[in-house]
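Chemist: Starting off with a structure, shown below.
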């Protein structure tokens, strides 16, 4: 019964994103996934930006489901929002560290001259 219900409709938003009443594909796997800050720090900035894009898409899909009244797990919205904030924080930390490194390298170069 559950699988039949999931295959009922697929909506296509004007942005081209396909949304089903059950959410994006792989949604069940993502529910059990716990994102830690340490795991995020081990990723490259490009990987983090890709992950942020995916989280934003998922947040959009969840909002679309909520508006349509088909959202089953409302706690998922909070988790996705916080995961996106966590990714943004790590990206900002990496950018600040890179800026500090370039300033320190510039100060060393001018001191040697």
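The values are calculated or read from the model by the stated rules, or taken from the named source; none is laboratory data. What you see is a predicted model; the values in this text were computed from it and never measured. Virtual Cβ from ideal backbone geometry, glycine too; neighbours counted across all protein chains shown.
Chemist: Just one of the numbered conditions (1) within 14 Å of residue 84 (Cα to Cα); (2) surrounded by 15 or more Cβ atoms within 10 Å (Cβ to Cβ); (3) modelled with pLDDT under 95 is not true of residue 60; which one?
Modeler: Every condition holds for residue 60 apart from (3).
Chemist: Right, next: Can you confirm whether residue 5 is exposed (fewer than 13 other Cβ atoms within 10 Å of the Cβ), in a helix (DSSP H, G or I) and modelled with pLDDT under 95?
Modeler: yes
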